[in-house]
């Protein structure tokens, strides 16, 4: 067995070219063991392609990847034995009940502790007795989560895991992620919105048009987030005074209050405000979502 | 092999297979029951050789000719072929297009083992359907007044089963090799129907007579099992074709990307 010091996932120049600019290109990525890693990007950015490459469901055009220290091309069975996978847009045998399908998948996998499976079923309140085609999207997703977690895998690869889940089940899912992370297991999960992964991930990557845009911790991303100040003046002030300042991304007035959004130091904004009679300055929450949208739309700085 | 996968594939097709078995037995008995009234009154049709060939000899005056024309030449292979082809295409390319295979193959099972398991399930369905036809033929012939030996009925059933294996294997190879269900269904069905047409017309058109050797249908019906018994050479060819195509399916799916 490879040394535990190897990353949970290591991709080097990993590419899958579908032509017409679609696919995944030159992905270099390392995810450490025990991390909960978020993989963000708009639809079609290459998130699912990356996950399918890691599980050898599709083969790379170039580059390579290792999962749990094992080469994805040569050791695929061993990798799949030790990984739990939830595909995006989950589909199962509609005519069969959840119980039959879970029994089948558990049998294929081997080593599934019935008590673990039952506790997951109870935790997510999964319906095992109705044919899967009669279940709602959320209830099917619960079965998908049970099958992904039931063998207590070292690595979980989850593609859009909370799609269709109600807020209560989302809460259970997030709690479960915390537990498996505390046990040293690694989670690699994708989403197309930040709010889905913000609470649970240690680090995250943003993918756009098949290329990695940034990999960083949430803390570091917050540092470069757009900051906003709400400045209340004694009398109305022209917001245009702030718009011309370096680093200011937006400024608008609402009565005697001006809201200024800016990147970097607040010095110029404060000095401009100080020319007037300032009643109060209130910071607004950093808007991380704005950063992500900028990365989604185009490369920052361009 | 993964017996669990075979079990799931069988379970998914159990209701359809049971209905088909019951229906086929009923059809065979009905065909036998009609022979004394209809068969005797029609007798041997005096039609052109090409039409007679398409109808399996057009001899409705004997019980062997009656069952050959009604069941052996078209209806039997049509039902067996249709069930084998649809089952093989659905369990490979169909599941892939439905995105089920992507989940199953994220588990520790080799693609080749998965295909072997599904091929076993389709073979089991073909055997079940053939067994129902065999029972139905025995009862139907008895109802029709007898006249075909159980050995010859068994020969027809065995030839039918091997024809089902081969046509199912065509769909299996195409379904597993391409992941395209429509392609697998279309090509396999065409192979079956063209085989019947070519086998029927080949004696009349010397230019295409050699083509019959390329069609699985010839190795099923070429020697008329209801009259002459089992065609061992035909069974060997159908077996070899089945094994080759199943191997191609196992290799084909292992070498390509899953489509969904």
Tell me the mean residue ellipticity at 222 nm calculated for chain A from its helices only (DSSP H runs of n ≥ 4, each -39500 (n - 2.57), averaged over every residue, nearest 500). -9000 deg cm²/dmol
Could you work out the mean count of beta carbons from other protein chains within 10 Å of each residue's beta carbon in A:49-56? 2
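Ranked from highest to lowest mean number of other Cβ atoms within 10 Å per residue, what is the order of the peptides A:41-50, B:84-93, A:229-238?
Details: A:41-50: 21.1, B:84-93: 28.5, A:229-238: 15.5.
Sorting A:41-50, B:84-93, A:229-238 by mean packing, highest first, produces B:84-93, A:41-50, A:229-238.
Across peptide A:89-96, what mean number of C-beta atoms from other chains lies inside 10 Å of a residue's C-beta?
Values: counts 3, 4, 9, 5, 9, 3, 5, 3.
Taking all residues of A:89-96 together, the mean is 5.
How do B:28, B:1 line up, fewest other C-beta atoms within 10 Å first?
Details: B:28 28, B:1 12.
So the ranking, lowest neighbour count to highest, is B:1, B:28.
With a ≥ b ≥ c taken as the square roots of the eigenvalues of the C-alpha gyration tensor of region B:108-234, please select rounded if a/c is under 1.5 and otherwise prolate if a/b is larger than b/c or oblate if it is not? Each step should come with its number before you reach the end.
Numbers: a/c = 2.58, a/b = 1.29, b/c = 2.00.
Oblate, because a/c is 1.5 or more while a/b does not exceed b/c.
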Most fluctuating of A:277, A:125, A:56 in the GNM of chain A (C-alpha, under 10 Å) is A:277
Based on the alpha-carbon gyration tensor of chain A, what equivalent-ellipsoid semi-axes (square roots of 5 times the eigenvalues) come out, in whole Å, largest first? 44, 23, 17
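Among A:104, B:217, which comes first, then next, by fewest other beta-carbon atoms within 10 Å?
Working: A:104 22, B:217 25.
Ordered by Cβ neighbours within 10 Å, fewest first: A:104, B:217.
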Calculate for chain B the 222 nm mean residue ellipticity that helices alone would give, adding -39,500 (n - 2.57) per DSSP H run of length 4 or more and normalising by residue count, nearest 500 deg cm²/dmol. -23000 deg cm²/dmol
Specify the residue with the greatest mean-square fluctuation among A:114, A:203, A:279, computed from a Gaussian network of chain A linking alpha-carbon atoms under 10 Å apart. A:279
Round to the nearest 10 and give me the degree value, 0 to 90, for the angle of helix B:75-89's Cα axis relative to the longest principal axis of chain B. 0
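Direction-averaged shadow area of the convex hull around the Cα atoms of region A:1-135, nm²?
Working: hull surface 40.0 nm².
With the hull built on Cα positions only, its mean projection is 10.0 nm².
Using the number of other C-beta atoms within 10 angstrom as an exposure proxy, rank A:30, A:219, B:95 with the fewest first.
Numbers: A:30 15, A:219 9, B:95 26.
So the residues, fewest neighbours to most, are A:219, A:30, B:95.
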The rounded separation in angstrom of the Cα centers of region A:90-109 and region B:132-160 is 40
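Roughly what % of DSSP beta bridges within region A:9-217 run antiparallel, to the nearest 5? Intermediate results must be reported in sequence, preceding the final value.
On the way: 21 of 39 bridges.
Bridges in region A:9-217 that DSSP calls antiparallel: roughly 55 percent.
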Given the C-alpha centroids of region B:229-260 and region A:119-181, what is the distance between them in whole angstrom? 39
Would you tell me the mean number of C-beta atoms belonging to other protein chains that fall within 10 Å of each C-beta in A:100-109, as a whole number? 5
Would you mind checking the tilt of helix A:137-149 against the longest principal axis of the Cα atoms of chain A, expressed as 0 to 90 degrees and rounded to 10? 70
With angles folded into 0 to 90 degrees, how steeply does helix B:150-178 sit against the dominant principal axis of chain B? Use alpha carbons for both and round to 10. 30
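Each value in this text was obtained by applying a stated rule to the coordinates, not by laboratory testing. Because the structure is a prediction, the values reported are computed rather than measured. When we count neighbours, we look across all protein chains shown, and the Cβ atoms used for this are built from the backbone with ideal geometry, even at glycine.
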